[in-house]
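The values are calculated or read from the model by the stated rules, or taken from the named source; none is laboratory data. Remember, it's a predicted structure, so these values are computed and weren't measured experimentally. Note that we place each Cβ from the backbone using ideal geometry, even for glycine, and neighbour counts take in every protein chain shown. In case anyone asks, the SASA skips ligands and DNA or RNA and just uses the protein heavy atoms, side chains included. Shrake-Rupley method; radii C 1.70, N 1.55, O 1.52, S 1.80 Å.
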Amino acid sequence: MASTAPPILPISNSQTVPSAAPSSVESQPPIATPAFRAFINQISETVKNGLSQRRPWAELADRSALSKPESISDAAVRIRKNYSYFKVNYLTVATAIVGFSLVTHPFSLVFLLCLLASWLFLYLFRPSDQPIVVLGRTLSDRETLGCLILFSIFVIFLTDVGSVLVSAMMVGVALICAHGAFRAPEDLFLDEQENVATGFLSFLGGAASSAAPVVVAARG
């Protein structure tokens, strides 16, 4: 009796096909990129370092040190010396005046925030693999930059934003000049200031130079 051969099972030379790896890491939104976080951290550190250099507010508001300048040239000298000593305090006062003006003009504040967000998230910190598409057309970096410049001109010159900012800064400069002209400088801090004066808000200049590589890396 012939033995029945067992059926031949088909052998498939199946090889595990690895799942297609993503060609690139999924891009993060601009606000979550390391470059943007590094930029915010740099700004925060700069503000902290700058505020640590401010003079005591009681010294700024010392009424016993107020006196009328003898002449315009004397007032100019006082302004220069007081600015060198109180520059961080003066900047804080000017910033508070600008902030108060924007808060009391909410539409200008909204326009300014939209302009700032547009520059940050559509150009400076937008990943290179996330192009901007408008009506099915991909905008190049040059076209994006041109649109942002036009939007900036519209916001600053064709809305109330420009007038609000200019008015607030003029008020701040006037208050700073009035305080600097009527506050008599003291020899004690003048000698000290000769060693610590390093120019116009040097800590802001350092912040700009430190933040520039971060922006360049984000655009790379």
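Dipole orientation for region 62-186: of the candidates Ser128, Phe107, Asn89, Asn89 has the Cα lying most toward the positive pole (charges on Cβ; Lys, Arg +1; Asp, Glu -1). Peptides 168-176, 87-95, ordered by how many other C-beta atoms sit within 10 Å of their residues on average, highest first, read 87-95, 168-176.
Along its three principal directions, the equivalent ellipsoid of region 62-116 from the Cα gyration tensor extends over semi-axes of 34, 12, 11 Å, largest first.
The stretch between Ile149 and Glu45, if pulled fully straight at 0.36 nm per residue, gains 34.5 nm over its current Cα-Cα span. Electrostatic bookkeeping for Thr138 treats Lys and Arg as +1 and Asp and Glu as -1; over the other residues with beta carbon under 14 Å from its beta carbon, the sum is 0. For region 62-186, the solvent-accessible area works out to 60 Å² per residue, with a probe of 1.4 Å and every protein chain left in place. Ranking Thr159, Thr138 from most to least accessible surface, computed with a 1.4 Å probe over the protein chains only, gives Thr138, Thr159. Considering region 62-186, its Cα convex hull presents a mean projected area of 10.9 nm².
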